[in-house]
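All remarks here apply to the structure that follows.
Please treat every number below as a calculation from the coordinates, not as lab data. Treat the numbers as computed from the prediction; the structure is a model and nothing was measured. A quick note on method: Cβ atoms are made from the backbone with ideal geometry, for glycine too, and the neighbour counts reach across all protein chains shown.
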Amino acid sequence: MDREPAPDNFLAQIIAADINKNPNLKIHTRFPPEPNGFLHLGHATSICLNFALAEKFNGYCNLRFDDTNPEKEEQAYADAIIEDVTWLGFKWYGDVKHTSDYFDKLYEWAIYLIEQGLAYVDLQDAETVKQNRGDFNNLGTESPYRNHSIDWHKQELENMRAGKYAENTASLRAKIDMKHANMNMRDPILYRIRKAHHHQTKDKWCIYPSYDFAHGQSDALEGITHSICTLEFQNHRPLYEWLLENLPVPSKPKQYEFARSNISYMITSKRKLKLLVDENIVSDWDDPRMPTISGMRRRGYTANGIKDFCNMLSVSRSEGSAEITMLESCVRNDLNNNYPRAMAVLNPILVKITNLPENNIISLVAPKHPDQQSMGNRDLTLTNEVYIDRNDFSTDSSLSRKQFKRLVLGDYVRLRNAFVIKADSIVKNEQDEIIAINASYVEDTIGKKPPEGIKPRGVIHWVDAKNCHNAEVRLYDTLFTCPNPEQQDDFTKAVNPNSLTIVNAKVEASLIDAKPEDRFQFEREGYFVADRYNHQPNNLVFNKIIGLKDSQKPK
């Protein structure tokens, strides 16, 4: 499907101005996630922005893993990220890249900084280093190791690399200014000891570069022109620039920052999302209630719907917010326009059509989409027994047609794509519960108006009781009961206890052919998707994606 290009924003204006100054400039952006968890909706915004800017200016966008922290990173996370970016429909430039690809070069540059008198090994423990940095009210204190000889620092860096020091007992620091107003410039750490197995480099290294040291230099090695970060990296930009100025890098990228957008009823902190998984509050990172890309995909959200939402968010330097209904609206529009219809009864009650012969089977044809003739039709059958939704029936004949446009005892309703029926009587069990409805159909009303004097209250959906299938249907609501869970003292206490309800439904016969991730509008119920993992021909499982229209959050 052709899509509208992403709108201009201040970053696009900056790039346009740079190209105006240098017409030969080839724009090169990157998306550099850390493989320490699954991507979430906030990452989707960054993905869309970086790839869209590259596309808009006929440039390139890299996918690079910031894999400098082996203790928290896993190959499984990297694989999931690759799958998510691919599913969203983006193609990165060249091969997938890793910061670990540059570890040898970064170590070489660490030695270079020592030789230039711009870096030193500090044998103070991590806690002492932290304390001696000072704070916004107190200047930092220089390390007693800061002014040792260059040869001493080179040897101690080699000792660090050789594993002669325990974790948190030695580090390599940039020699900048311990009195600098920006805390990030107070001799920041460039290398720290981590005796952990790395999923890419295995056990080659026991020291790893900090993000600040690796970030700009990886950009420079890849020829990145515009390094787009979120606003929390704004105060890191002076260090980004200092390192580029003081190292023999092959290019000089520029860092720019944009503000995140907070989405109501969602958390987009990897640490907090991991806690939800670890505490079994959700089943996994791809639980359909999670704001991860994998979770939204399993929920049934479409890639186009997510991208439309990301493109609608303002890209600015000040933090913004968006309602979850805005995301749902984008997804709903895509679903409504591009996916077929079907019928499913989520709370079934049997209707026996007493004036239709028991062995009679009526063949019906219904469109797969009322506005998309190219989708074709689907075949339905109708016998003397159908299921309707229990909520579509009432014994209260005093209900006005305006109050209740469904089936009422003693009155008429049309079965969707079929004939008009009248509810004649009810059948109860020993507990005085209604277990069936006896009805009669009005002849010659399939696709036709009923005779004069018969006015159906409305149209209801149904499935043929003798030619339908059982299905597990998972009904999802927001994971949190309040719109701003990140601001709660304990966000886990805001978890919605009704975020998942499972019902046993009856679905029309055609849905036996549904494949995992096939999406449908269940008429009058909402949009649903065949579960990505659990759905099978002998075990139908559908997840509710979204309702037919906005509803108050949460239920």
Relative contact order (%) - segment 288-388, alpha-carbon pairs under 8 angstrom, separation at least six: 22
Amide H contacts of ASN438 (H built 1.01 Å from N, under 5 Å, at least 5 apart or other chain): LYS352, ASP424, SER425, ILE426, VAL427
Rg to Rh, two decimals, where the chain supplies the alpha carbon set and Rh follows Kirkwood: 1.12
Residues of segment 345-365 with amide N under 14 Å of a point placed 7 Å along Cα→Cβ from VAL459: 365
Net length gained if the chain between ASN355 and ILE150 were fully extended (0.36 nm per residue, minus Cα distance): 63.9 nm
In degrees, nearest ten, helix 103-115 long axis to first principal axis of the chain (Cα): 30
Tensor-based shape of segment 102-213 (alpha-carbon gyration tensor, a/c under 1.5 rounded, otherwise prolate or oblate): prolate
Label point at ARG524 placed 7 Å out along Cα→Cβ; residues across segment 422-461 whose backbone nitrogen lies under 14 Å: 422-423, 456-461
Cα pair distances in segment 342-466, grouped into 5 Å bins until the bin that holds the longest one, percent each: 2, 10, 20, 24, 21, 12, 7, 2, 1, 0, 0
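Of the cross-linked pairs LYS105/LYS252; LYS352/LYS422; LYS105/LYS270; LYS368/LYS449; LYS368/LYS422; LYS164/LYS195, which ones have a Cα-Cα span greater than 19 Å in the structure shown? Write out the running numbers ahead of the final one.
Numbers: LYS105/LYS252 16 Å; LYS352/LYS422 11 Å; LYS105/LYS270 30 Å; LYS368/LYS449 23 Å; LYS368/LYS422 27 Å; LYS164/LYS195 11 Å.
Cα-Cα > 19 Å for LYS105/LYS270; LYS368/LYS449; LYS368/LYS422; rest within.
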FRET efficiency estimate (nearest 0.05) - Cβ-Cβ, GLN403 to ASP177, R0 51 angstrom: 0.10
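Test of understanding: ordering TRP152, TRP109 by Cβ neighbours within 10 Å, fewest first, what list do you get?
Numbers: TRP152 13, TRP109 22.
Exposure proxy ranking, most exposed first: TRP152, TRP109.
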Rounded tilt (10° steps) of 211-222 against the dominant C-alpha axis of the chain: 90
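In nm, what is the difference between 0.36 nm times the number of residues separating ALA162 and THR381 and their Cα-Cα distance? Don't jump to the answer; show the numbers that get you there.
Values: separation 219, 0.36 × 219 = 78.84 nm, distance 7.50 nm.
Answer, rounded to one decimal: 71.3 nm.
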Cross-link reach list, aspartates and glutamates versus LYS56, counting only Cα pairs under 18 Å and skipping chain neighbours closer than eight places: ASP2, GLU4, ASP8, ASP18, ASP308
Efficiency of FRET between GLU323 and ASP444 - r from beta-carbon atoms, R0 56 angstrom, step 0.05: 0.70
Alpha-carbon centroid distance for the pair segment 32-96 / segment 209-242, whole angstrom: 16
Distance in nm between pseudo-label sites at ASN338 and THR501 (7 Å out along the Cβ direction from Cα): 3.0
Helix axis angle, 41-56 relative to the chain longest principal axis, alpha carbon, degrees: 80
